[in-house]
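The values are calculated or read from the model by the stated rules, or taken from the named source; none is laboratory data. Given the structure is predicted, the values throughout are model-derived calculations rather than measurements. All Cβ positions, glycine included, derive from the backbone under ideal geometry; neighbour counts span all protein chains shown.
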Amino acid sequence: MTRRRRAKESARIHRIYAYCRMSPRESEKPDLTLTHQEHAIKIFSMNAFQLPVSEFFCDTGTEGHKNLIERPRGKDLTDVMERGDVIIATRLDRFCRSAKDLLAQIPILKDTECSLFFCEEFGDIPLVGGGPEHEAYQEAVIATLSAVQHIENAHRRDHSESKKIEWAAQGGWLGGGLPYGYRKVEVFDGKRKRTKLEPVPEEQEWIELIFKMKKRKLSSRKIADQLNSLQNEKVWHYRSIDKILKGRKYQAIA
């Protein structure tokens, strides 16, 4: 940025705010400490605008999975920012939890006519604001962030599906109809209360009998008829037999 441009930028600035964040587990990483972030932002502010930072908003002991407005000092920042303010953070992951979160913040910053800088990632080119000369670059970055968001969403879906499969393999209940031969029981998975399926012994005996009959090449209708002739507590239908014979929950018995 030239000296003339710096002087022009400085004249338009209302206040310069800095945002820093450090989670407990990041305290031993030199480039993530609050001291490092504050020092980097101070130097950037003087080099880019010849102005000191008006106020630092620092969240300590705050994990990155929280949105900006869910963090104590992050909310304070969004409450005070006004037209002409400059917001500086060292990196995107200090300011937002994800590409999706940042994309949600960009329209708010644009409406407020604030400028947003990530001094260690994008240098003196703002991601929001700063005049029409930066618009093409900002649009390219936003398009890239949108692509990253789709990748993050796909990764989350894949992770969620793998967790469901893992839970089901442990006997967890994923909802839907309760399969014959099982009952629901509440268990604690860490601090989380979840539902597992527990075998009902007397019903499991009928299931084992059904598979034995199937091995004798009996049809579902024949199996239902024989089960109904052996007892009168439950009326068996061939569709119920089909569900058991084809159900993944019963394949270990097959």
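Of all the residues in region 175-203, those that are closer than 16 Å to Ile244 by Cβ and assigned to a loop (DSSP other than H, G, I, E, B) number 7. Being of a type outside the set (A, V, I, L, M, F, W, C) and touching a helix residue (DSSP H, G or I) at 6+ places or on another chain (Cβ under 6 Å) is the filter here, so list the residues in region 99-119 that pass it. Answer for region 99-119, where residues must be of a type outside the set (A, V, I, L, M, F, W, C) and touching a helix residue (DSSP H, G or I) at 6+ places or on another chain (Cβ under 6 Å): just Lys100.
Scanning region 78-106 for residues that are acidic (Asp, Glu) and not in a loop (DSSP other than H, G, I, E, B) yields a count of 3. Summed over region 229-248, residues that are over 16 Å from Tyr180 (Cα atoms) and in a helix (DSSP H, G or I) total 2.
For Trp206, indicate whether it is outside any helix (DSSP H, G or I), more than 42 Å from the chain's Cα centre (by Cα), modelled with pLDDT of 85 or more and of a type in the set (Phe, Trp, Tyr). No, not satisfied. Counting only residues that are surrounded by 20 or more Cβ atoms within 10 Å (Cβ to Cβ) and not in a loop (DSSP other than H, G, I, E, B), region 59-77 holds 4 of them. For Lys222, are the conditions met, namely being part of a helix (DSSP H, G or I) and at pLDDT below 90? In short, no. Counting residues in region 107-117 that are buried (at least 19 other Cβ atoms within 10 Å of the Cβ), of a type in the set (S, T, N, Q) and not in a loop (DSSP other than H, G, I, E, B) gives one or more.
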